[in-house]
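The values are calculated or read from the model by the stated rules, or taken from the named source; none is laboratory data. For clarity, every value in this text was computed on a predicted model and none was experimentally measured. Neighbour counts run over all protein chains shown; Cβ positions are idealised from the backbone, glycine included.
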Amino acid sequence: MNQIRKLRDGSGKWFNDTEGLQTLIQQLFAEVYRSSSPSISDMEEGVEAVSRKVDARMNQALLQRTLKRKLPRPCFRWPLSNPPARMIASKTIANRLKPFLDEIISQNQSAFIPSSLITDNIFLAFELNHYLHTKTWGTKGHTVIKLDISKTYDKVEWGFLERMLTRLGFDFKFVRFVMSCVNIVSYSFLLNGCEFGSLTPTRGLRQGILEKYERASGQMVNLQKSTVTLSKNTPTFLREDILVILSLRKEESQDRYLGLPSKVGRSRSGIFAYLKDRFWEKVKGWNEKNLSQAGKEVLIKAVIQAILTYAMSVFRLPDSLISKIHSLASNFFWNNKEQTKIHWIAWKHLCMRKFDGGL
């Protein structure tokens, strides 16, 4: 049975007694879910650029009554504080919003949009980065900022959410229903099988304009993961001013966007070496277990497919890297903890279709 034996707080102090662990856990989540109490003016300023997207037709569909014959009778007596009632309510809202999401969400936001792919965003970001790194003409430079939001959903202020829904054009009744589902949530904690504590959140789902957005929404920009990309023709003095004003670091070659390199140079093997390292870390853990070859086959297929397919959907990986990964997979498949086994069949034959005699 897995257990939490000790935890360390932000100052580096360790806690290993039950009371200390419980106090630390409660303090951590209380800090995450405690409202920063933004002013009304900050929240209004944060949504003033949002245009109305929801029309009367959408509101009518969202507010239509659910026929009682579609739900069991006891469901209508459940208060929203009851978890099953909240699940039914959230599913109903999601189903009714689904037909209109592509009209409400901007085209540059691929999440929740049918038939949209995450690779679309990766291609766009990669081409934009490539343009910046090759732009050497003209006197006007260009800047791109990659922002990482800390605890994106947990730190959304409820007041900001309510004003955003209103600004988008949702009917008052719909907004009130959504907020009633959000602000009645409470949490308790489970530590090593023992329940303790209770927390009622007040929110949850710095420079210049970023600071205004933080004050309005309650979200925080993760400065450690956020970067700035500048075109080559940007003057040196202006580069330094931008980095100082935004308090962000300049993008480096090893930085990634959506899990993939944001820029790729001549040395593709070095850029994508992390894929081989990730696979090797998995293999090292598997080698400690007595696995049959059938079990190894399943793990190799699942992990290689998960690690490589995502990257290969955007980039062409170097042949040398593919060969190294194939070598690791082959050694893992034929070897065991006691001794090195002979590779009875070439790896290229094992990778053939089962219909053709492969695995």
> In the stretch 293-315, is there at least one residue being touching a helix residue (DSSP H, G or I) at 6+ places or on another chain (Cβ under 6 Å), among the hydrophobic types (A, V, I, L, M, F, W, C) and part of a loop (DSSP other than H, G, I, E, B)?
Replying inline: yes
> Across the stretch 181-202, what is the number of residues that are under 15 Å from residue 32 (Cβ atoms) and aromatic (Phe, Trp, Tyr)?
Replying inline: 2
> Inside the stretch 221-253, can you point out the residues that are under 21 Å from the mean Cα position of the chain (by Cα), assigned to a loop (DSSP other than H, G, I, E, B) and surrounded by 12 or more Cβ atoms within 10 Å (Cβ to Cβ)?
Replying inline: 222, 223, 225, 226, 248, 251
>> If a residue must be under 22 Å from residue 174 (Cα atoms), at pLDDT 80 or above and of a type in the set (Gly, Ala, Ser), how many such residues does the stretch 94-130 contain?
In response: 1
> Taking helices (runs of 4 or more DSSP H) that fall entirely within the stretch 104-207, which contain at least 1 residues that are hydrophobic (A, V, I, L, M, F, W, C) and under 30 Å from residue 241 (Cβ atoms)?
Replying inline: 118-134
>> Show the residue pairs meeting these rules: Cβ distance below 9 Å; 6+ apart or different chains; first residue within the stretch 341-358 and within 13 Å of residue 327 (Cα to Cα); second residue assigned to a loop (DSSP other than H, G, I, E, B) and aliphatic (A, V, I, L, M).
In response: 350/359; 351/359
> With respect to the numbered conditions (1) in contact with a Phe, Trp or Tyr (Cβ under 8 Å, 6 or more places away or on another chain); (2) aliphatic (A, V, I, L, M); (3) surrounded by fewer than 16 Cβ atoms within 10 Å (Cβ to Cβ), which one is the sole condition not fulfilled by residue 345?
Replying inline: (1)
>> Residues to consider are 255, 356; find the one that is modelled with pLDDT under 80, out of contact with any Gly (no Cβ under 6 Å at 6 or more places or on another chain) and over 29 Å from residue 117 (Cβ atoms).
In response: 356
>> Looking at the structure I just gave you, is residue 313 among the hydroxyl-bearing types (Ser, Thr, Tyr) and within 27 Å of the chain's Cα centre (by Cα)?
In response: yes
>> Condition first: exposed (fewer than 11 other Cβ atoms within 10 Å of the Cβ), over 26 Å from the mean Cα position of the chain (by Cα) and not basic (Lys, Arg). Now tell me which residues in the stretch 270-310 satisfy that.
In response: 288, 290, 292, 294
>> Just the residues that are among the hydroxyl-bearing types (Ser, Thr, Tyr) and assigned to a loop (DSSP other than H, G, I, E, B), please, taken from the stretch 11-39.
In response: 11, 35, 36, 37, 39
> Can we say residue 203 is modelled with pLDDT of 75 or more and surrounded by 15 or more Cβ atoms within 10 Å (Cβ to Cβ)?
Replying inline: no
> Can you name every residue in the stretch 259-269 that is loosely packed, with under 14 Cβ neighbours inside 10 Å and of a type outside the set (S, T, N, Q)?
Replying inline: 259, 265, 266
